[in-house]
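Quick notes on the structure that follows.
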Amino acid sequence: MRTGKTSIAHVLVIVQNLPVPLDRRVWLECQALTAAGYQVSVICPKGPGDPARQEIAGVRLYKYRPAREAKGLLGFVWEFVYSWVRTALLSLVVWGREPFQVMQACNPPDTYWALARLWRMRGVRFVFDQHDLNPELFLSRFGEPEGLAQRTQYEGLLWLERMTYRQADHVLSTNESYRAIAQRRGGKAPEDVTVVRSGPDTRRMRPIRPRGSGWRGGSTLLTYLGVMGPQDNVDVLLEVMDDLVHRRGRDDVRLALLGFGDCLADLKAECHVRGLDGHVLFTGRVGPAEIAEYLSSADIGLSPDRRTPLNDASTMNKAMEYMAYGLPAVSFDLTETRVSAGPSALYVPDGDVVAFADAVEELIDDPDRRVRMGELARHRVVADLDWRPQASAYVAAFDRVSGYVRTQPLPDLLPALVGPSPSTRYVEDQDPVVFRRFLRERGRLSRAHDLTA
């Protein structure tokens with residue numbers, strides 16, 4: 001650990017999986033660093049319509065055109081090589097504008113240890129922000145490796161992860177399961193791994209008075225928020241809806257699927273084949289305003305992720321986002337989802353679609369239970385999972401890596417990050433009577449509805 005520095009560092013953050021600020025965790029991290037006095041630059045792929053260079057809230061963004069969608073092993077190799085080279089070139093641009101002292105790489109993929117090794121020659125320290133366990137992702141998608149090709153791919157992923165751990169001066173883990181793997185498989189000392197959960201900023205991510213019932217009509221609204229890839233099991237929700245609507249005759253239920261991903265087109269086609277077009281809405285990519293509208297209007301949040309080596313060890317952001325909006329949830333029984341959601345969700349055996357539909361129907365028919373679970377969800381996410389303490393732990397890790405000596409406590413540096421955005425539509429969740437009434441009537445309220453009456 002470095003000690004004695006009195007000048008703040010410039011941090012370069014590298015993300016390949018999502019654009020920033022769309023990546024909520026990374027954007028919160030950037031805001032925490034800037035609020036604490038660090039200079040922050042980000043290299044990431046462009047989203048639709050994004051400029052190559054921009055500055056948002058003091059964070060400088062350097063973006064490159066993303067690689068074409070990868071297909072097959074060679075496609076993924078090309079995507080990784082292309083993105084790595086574009087990132088490496090942009091890191092030279094960032095350095096030319098202002099040398100950086102710390103580099104943070106967010107996985108997937110586990111390839112930027114090589115770039116960190118090159119920059120170490122200029123004295124740059126390396127922080128690894130581990131968002132995913134790539135060996136577990138392989139096992140979750142393909143099962144235990146069989147044959148030379150699969151064994152080679154799996155061993156290659158383990159080697160890349162091992163090299164990333166080895167190169168890292170500090171590791172940021174999203175939960176205790178990831179932290180244990182960093183120590184066991186990565187050989188990291190306990191003091192070199194910090195848990196920084198992807199908790200929501202609950203002063204901003206909170207229920208609002210929805211604008212109206214809209215598409216849902218008078219039905220119970222279920223919702224899913226997240227990526228729609230092969231490992232996300234969103235097709236399970238179409239099976240659940242098929243069971244509820246066609247087998248159980250529940251014409252009083254609607255499902256809003258918020259997000260995008262590789263499986264979106266296939267999901268839309270399956271929805272049509274199942275005759276669910278009138279009951280399922282695909283929103284596509286959504287921003288914070290749309291998320292707030294839908295999650296404040298919905299009655300139940302759904303987490304269809306099956307138990308796999310990756311899912312069981314991973315914290316599902318959607319679970320905490322449902323909780324931030326006071327939504328009860330239904331989930332397959334996953335270790336880290338239980339850690340996050342606790343009693344604010346119903347858990348069903350892995351892969352049991354009928355049990356999943358049973359749990360959803362149970363909540364549809366029991367509004368009092370939904371209210372109790374919604375209260376528990378909001379209380380738990382505010383008290384235990386909020387981003388503010390995570391931000392302090394995150395910045396403290398960078399102070400340790402950079403050797404910066406802070407002259408005032410971190411909480412005094414973060415009010416600009418955590419203060420609520422002005423909105424007359426926020427629900428007063430500190431008043432139990434008002435909040436309970438909102439939870440009971442949430443989807444049936446219009447913007448003009450007076451919750452305080």
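The values are calculated or read from the model by the stated rules, or taken from the named source; none is laboratory data. This is a predicted model, so every value here is computed, not measured. Every residue, glycine as well, gets a Cβ built from its backbone with ideal geometry; the counts of neighbours run over all protein chains shown. Surface areas here come from the heavy atoms of the whole protein model, side chains and all, with no ligands, DNA or RNA. Shrake-Rupley method; radii C 1.70, N 1.55, O 1.52, S 1.80 Å.
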Stretch in the chain that is longest and holds no GluC sites (Glu not before Pro) that DSSP places in a loop and that have at most 13 other beta carbons within 10 Å: 147-453
Neighbourhood charge, 13 Å Cβ-Cβ cut-off, centred on residue 266 and excluding it, Lys, Arg +1 and Asp, Glu -1: -2
The stretch 285-298 - phi-based ³J(HN,Hα) in whole Hz, Karplus 6.51/-1.76/1.60, Gly and Pro as x: 4, 10, x, x, 5, 5, 4, 4, 5, 5, 6, 7, 8, 5
Residue-wise HN-Hα coupling along the stretch 177-183, computed from phi with Karplus coefficients 6.51, -1.76, 1.60 (Hz; x: Gly, Pro): 5, 5, 4, 4, 5, 4, 7
In the chain, lysine pairs with alpha-carbon atoms under 25 angstrom apart (chain gap of 8 or more, or interchain): 7
Using alpha-carbon coordinates, inclination of helix 264-273 to the longest axis of the chain, degrees: 20
Residue 403 long-range amide H proximity, modeled H, under 5 Å: 2
Normalised alpha carbon radius of gyration of the stretch 287-343 [divisor 2.2 N^0.38 Å]: 1.13
Interchain or long-range residues, amide H under 5 Å from residue 40's placed H: 11, 60
Among beta bridges that DSSP assigns inside the chain, antiparallel share in %, nearest 5: 10
Local net charge near residue 181, Cβ-Cβ under 14 Å (Lys/Arg +1, Asp/Glu -1): -3
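Normalising by the residue count of the chain, find the relative contact order in percent from Cα pairs under 8 Å and 6+ residues apart.
Numbers: 799 pairs, mean separation 82.7, N = 453.
Relative contact order comes out at 18 percent.
Add +1 for every Lys or Arg and -1 for every Asp or Glu among the other residues with Cβ under 12 Å from the Cβ of residue 124, and state the total.
Surrounding charge for residue 124 is +3.
Skip the ligands, DNA and RNA, and give the accessible area per residue of the chain with a 1.4 Å probe, whole Å².
In whole numbers, the chain has 42 Å² accessible per residue.
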Net charge dipole size for the stretch 20-160 [Lys, Arg +1 and Asp, Glu -1 on Cβ; Debye, nearest 20]: 600
Options 27, 259, 118, ranked by Cα towards positive dipole end of the chain, top entry (Cβ charges): 118
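Compute the normalised compactness of the chain: alpha-carbon radius of gyration over 2.2 N^0.38 Å, N being the residue count.
Relative to the rule-of-thumb radius for its length, the chain sits at 0.99.
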Rounded percent of accessible protein surface that carbon and sulfur make up, the stretch 46-127, 1.4 Å probe: 60
